[in-house]
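Heads up: the structure comes next, in structure tokens.
The values are calculated or read from the model by the stated rules, or taken from the named source; none is laboratory data. As the structure is a computational prediction, the values presented were derived from the model and not from experiment. All Cβ positions, even for glycine, are placed from backbone atoms using ideal geometry, and neighbour counts span all protein chains on display. Quick note on the areas: whole protein, heavy atoms, side chains included, nothing else; ligands and nucleic acids left out. Shrake-Rupley method; radii C 1.70, N 1.55, O 1.52, S 1.80 Å.
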Amino acid sequence: DTMEEFQEMIDLGPAESGSGDVDEAEDDDVFGDDEQYSEQELPVATVCLQLMKTSRGTMKLTLETCDDLGQKAKETQDQQFLDSVAQLYDYARDVGDGVTDLGSVMYSPISTDELEAQFRRQLQYILTLQDFVLGLDRLPKRIAELANILRNAAETRQKEFSDAIQAVKAK
């Protein structure tokens, strides 16, 4: 639901300048209202939404990995697989909580410092989980491929976010 809400805000495009006095018009050029992003906020919000989507993919990866680890634990009775599931759960909880926290700071007007801190925190949660998955032994190829795709997507979002936030701070 949160991703749909932000997608709708992004799909609206940038807010138009207000027709109030000069000071209000200048403020409107920099900060959007609660329902629409300003022209400067829009690229930042778009990258954040993409990171939220990467978070969703990371949760899908977690479920597939837990299924695989559970099967291996059942077949081998090896506690190591169950320990990995528990660790993966902890990482996934951070990703889930982090995406909620990221969404809470994405409403316009955006506080760039808060958003930047939360974006970086969420990115780290995603990368940590994926590093853990990629470090597991005997992963099925499809899980390893998905983890690599999501890791690459997260790294791409990192670069895009850095570029977008620097553009906002430069104005």
With criteria (1) surrounded by fewer than 17 Cβ atoms within 10 Å (Cβ to Cβ); (2) under 29 Å from LYS171 (Cβ atoms); (3) in contact (Cβ under 8 Å) with a residue 24 or more places away in the chain, GLY103 comes up short on (1)
Just one listed residue, out of ALA86, ALA170, ALA144, is small (Gly, Ala, Ser) and open to solvent by less than 50 Å² (accessible area, probe 1.4 Å), and it is ALA144
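Quick grid of which residues meet (1) under 16 Å from LEU51 (Cβ atoms); (2) among the hydrophobic types (A, V, I, L, M, F, W, C):
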residue	(1), (2)
LEU82	no, yes
VAL85	no, yes
ASP90	no, no
ARG93	no, no
GLY96	yes, no
THR100	yes, no
VAL105	yes, yes
SER111	no, no
GLU116	yes, no
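Scan the range 37-45 and tell me whether some residue there is surrounded by 14 or more Cβ atoms within 10 Å (Cβ to Cβ), in contact with a Lys or Arg (Cβ under 9 Å, 6 or more places away or on another chain) and modelled with pLDDT of 85 or more.
Of all residues in the range 37-45, those surrounded by 14 or more Cβ atoms within 10 Å (Cβ to Cβ) come to 37-45.
If we keep only those that are in contact with a Lys or Arg (Cβ under 9 Å, 6 or more places away or on another chain) as well, we get 40.
When the remaining residues are screened for being modelled with pLDDT of 85 or more, the result is 40.
Yes; the residues of the range 37-45 include at least one that is surrounded by 14 or more Cβ atoms within 10 Å (Cβ to Cβ), in contact with a Lys or Arg (Cβ under 9 Å, 6 or more places away or on another chain) and modelled with pLDDT of 85 or more.
Looking at the range 1-29, which of its residues are modelled with pLDDT under 75, assigned to a helix (DSSP H, G or I) and either on the phi > 0 side of the Ramachandran plot or surrounded by fewer than 14 Cβ atoms within 10 Å (Cβ to Cβ) (or both)?
Kept after step one, since they are modelled with pLDDT under 75, are these residues of the range 1-29: 1, 17-29.
The next check asks that each one be assigned to a helix (DSSP H, G or I); those that pass are 22-29.
Of everything in the range 1-29, those that are modelled with pLDDT under 75, assigned to a helix (DSSP H, G or I) and either on the phi > 0 side of the Ramachandran plot or surrounded by fewer than 14 Cβ atoms within 10 Å (Cβ to Cβ) (or both) turn out to be VAL22, ASP23, GLU24, ALA25, GLU26.
Here are LEU115, LEU150: which of them is farther than 24 Å from GLU41 by Cα and within 14 Å of the chain's Cα centre (by Cα)?
Numbers: LEU115 fails: farther than 24 Å from GLU41 by Cα.
After applying the criteria, what remains is LEU150.
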Over the range 121-139, the set of residues in contact (Cβ under 8 Å) with a residue 12 or more places away in the chain, surrounded by 13 or more Cβ atoms within 10 Å (Cβ to Cβ) and not hydroxyl-bearing (Ser, Thr, Tyr) is ARG121, GLN122, LEU123, ILE126, LEU127, LEU129, GLN130, PHE132, VAL133, LEU134, LEU136, LEU139
